Amino acid sequence: VMNRWLLCGNSSLSCPSTLFHKFPAAIGFHLLLSGSQGVSFLYEAYTAKFRKHFKLLNMSKAQIQWATWLGRFGISARGAAFGLIGLLVIQAALQDDPGEVQGLGGSLQALAEEALGQWILGAIAFGFMAYSLYMLIQARYRRIDPP
C-alpha cells in the first residue's frame, strides 16, 4: 500500500497528488512517508543490517563482500530517490502548489531537468542496477526461518 502512494502518477483519484487540493494534511502525511522511507533506507545501508537476512555460512568471503557492497549502494540509491520525493513535497508545500507533487517517476524527471540532474540521475540508475543485483543475491542466499 505504501509503495502505491509513493510511486503513483497524477492519473488516479486515490493518488496523494490529487488529494492535496482537498486535504492539505495529506502533504504532511506524504512527506512523512517518503522522507522517513528514504531515511530508513539510508540507515539500513549505512549499518548493513540487511546482512542478517543472508545465510552467511553458505556464502564465500567474496560473495559476502559483493552482497554487502551492492546492498549498501543499491539501498542508498533507493533512499536517495525516496528522499528526493520528500524534498519535492516540501518544495510544493512551500510554494503552496499541490499540483507540483509527483511520484517517483515525476521526481526523477524533475531531477533530470536540473543542471547536474542527469549525472545524479545516472548515479541513482546505477544504484538501482546494483540494487537489482543485490536482490538476486538475496534470492539465492536469503535465510528463511521456519515459523
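In whole Hz, with x marking every Gly and Pro, tabulate ³J(HN,Hα) for region 59-74 from phi via Karplus 6.51 cos²θ - 1.76 cosθ + 1.60, θ = phi - 60°.
Ordered by residue, 3J(HN,Hα) equals 10, 6, 4, 5, 5, 5, 5, 5, 4, 5, 5, 5, x, 4, 5, x Hz.
Quickly work out the Ala139-to-Tyr46 label distance, labels modelled 7 Å from Cα along the C-beta direction, and quote it in nm with one decimal.
That separation, rounded to one decimal, is 3.1 nm.
Under 5 Å between amide hydrogens, which residues at least 5 positions from Phe54 or on another chain qualify, with H placed 1.01 Å from N in the peptide plane?
Arg143
Sorted from fewest to most neighbouring beta carbons within 10 Å, what does the list Trp69, Trp119 look like?
Sorted ascending by nearby Cβ count, the order is Trp119, Trp69.
Hey, rough spin-label estimate for Asn58 and Ala123, points 7 angstrom out along Cα→Cβ, what's it come to in nanometres?
In this crude spin-label approximation the distance works out to 3.6 nm.
Tell me, what ³J(HN,Hα) does each residue in region 83-89 have, in order and in whole Hz, if you take phi through Karplus 6.51 cos²θ - 1.76 cosθ + 1.60 with θ = phi - 60° and put x for Gly and Pro?
Coupling constants for region 83-89: x, 4, 4, x, 5, 5, 5 Hz.
Quick one: what are the phi-derived ³J(HN,Hα) couplings along region 136-147, Karplus 6.51/-1.76/1.60 with θ = phi - 60°, whole Hz, x for glycine and proline?
5, 5, 5, 4, 7, 10, 5, 7, 10, 7, x, x
Just so you know, all these numbers are worked out from the coordinates, no wet-lab data involved. Note that the structure is predicted; figures quoted are calculated from it, not measured. Backbone-built Cβ (ideal geometry, glycine too); neighbour counts: all protein chains shown.
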